[in-house]
Structures are given as structure tokens and as C-alpha cells.
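The values are calculated or read from the model by the stated rules, or taken from the named source; none is laboratory data. Just so it is clear, the structure is predicted and the values come from calculations on it, not from any experiment. Neighbour counts run over all protein chains shown; Cβ positions are idealised from the backbone, glycine included. Areas reflect the complete protein model, heavy atoms only, side chains present, ligands, DNA and RNA absent. Shrake-Rupley method; radii C 1.70, N 1.55, O 1.52, S 1.80 Å.
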Amino acid sequence: MNSRHPPPFVKALLGSLKDLAPILLVITFFQLAVIGQPLPNLADMLVGTLFVVIGLTLFVQGLELGLFPIGGSMAHAFARKGSLFWLLAFAFALGFGTTVAEPALIAVAREAAQVAAEGGMIGRDPDSMSRYARGLRYTVALSVGFAIALGVLRIIRGWPVHLLIVGGYLGVLLMTLVAPKEIIGIAYDSGGVTTSTITVPLVTALGVGLAAAIKGRNPMVDGFGLIAFASLTPMIFVMAYGMVVT
């Protein structure tokens, strides 16, 4: 007798629900057992959870059907084209474009501008705060573009990833010693908000696809590491930005 399997979308929904189950269990446990109160607006929470499960399922399906193949195919195409300039230009544009519009970065930049104004680092007028936030966003986006281009060059040249990472974090430590203390926390947080839901799959697909397309490169060894660069360089660039604007 042939066993019946659920449709692919239903299977994906169940997988998303399984992924979200630990979060739901933690919230429920602390609300009921620690706080000792029932869940507020239970009906709204259930509907919202359903929307999250559906949205997560559609998002993952979109990554698998769209972004991962696009990133891999473009990496293969640029490798066959054999133009180092255009490959690096594409890597920079990819990192810059996916970061500058990142909602988390926009939120952090606005909050940083508000705090900088209250601390007297910049003027309290809206124009000064807008310029500060915009400068911070573009600084982070430029740093990610630079990081992805450097990571692509590493794959092409076969440089060891650990040496670049160690060197980068030594740079972070040195910048921490000389940067204004008001910008250090913002710089560290900027390294985290760059790993967005769009940047990560595209950049990962680019790195793995490029390593697979170049003879002598191992996708497992050489294809990964771009995201580490994208998290590292914003810390250095933002601290430098803080030294310039303050």
C-alpha cells in the first residue's frame, strides 16, 4: 500500500510551524508559568501566528525558487565571462543595494541620530538628524559593498579566509581604541543589521556559485565566508564615520 504524502506546500507549512515551535513554547511558558497571567488577545495572537507561518513558508519557498538560483546563475555567468572588473562591480553593487534599503539599518540609523542629537554630537534640528542617519546608512552600505567585493576577490585568488577575518577583527580592536566612545556601540550593532533576509541568501548563492564555477575551488571551503566580511567591515567603517563627523 502506497502511503499518502501531504502536498509540498502543506509539508512546507508544517516545517515552518516546527521551526517556530521553540519560540512559541518559550513565550507560552514564561507568560503562564513565570508571569502567571493568561495570554492577552489569544485570538489575535493565533491569527498572527498563522500569518507568520504562512509568510515564513512563502519566504523560504521564494528563496529556493528565486534568489538562490539567481545568485548562483549570475556567479556562473560572470565566471564564464572572465571579467574581474565586472564581477567585482556586481559584488559591490549587490552588497550596497541590498544593505542601503535594509529596514533594520534604517531603524538603527534613525535611533542613532536621535541619541546623537540628545547627546549634543549633532544639531537637534530635523535636517542635521536626517543627514547623520543618511550618512550612517550609506557608510554601512559602502562597507558591505566593499566586503562582498573583497570576499569575491578572495574566492578568485584563493586567499585563506581565516587570515582576512583575524586581520579584520584586529582592525576592529584598533579602531575601538581610537574611535569616539559614543559611536562604538552603534558600530558594533551595525555589523549585525547587515545580515538581512535578502543579503544573506543572495550573497551566499553568489559565493557558492562562484566557487563552484572556478576550477580548483571547493564550494564548501571557498564558497562561504562572505557574510562574515559583511558583518565585520561595517564596524570599522562606522567607527571611522564617527571620527569624521564628531
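So the values come out like this:
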quantity: Per residue, in Å², the accessible surface of segment 1-53 once ligands and nucleic acids are set aside, probe 1.4 Å; calculated: 86
quantity: Filtered trypsin sites (Lys or Arg not before Pro), segment 170-235: DSSP coil and at most 13 other beta carbons within 10 Å; calculated: LYS215
quantity: Computed over segment 62-156, Kirkwood Rh from alpha-carbon pairs, angstrom; calculated: 15.1
quantity: Equivalent ellipsoid, segment 178-221 (semi-axes from 5 times Cα gyration tensor eigenvalues, Å); calculated: 33, 13, 6
quantity: Tail weight of P(r) past 26 Å, computed on alpha-carbon pairs of the chain, percent; calculated: 54
quantity: Accessible carbon and sulfur surface of segment 1-117 relative to its total accessible area, %, 1.4 Å; calculated: 72
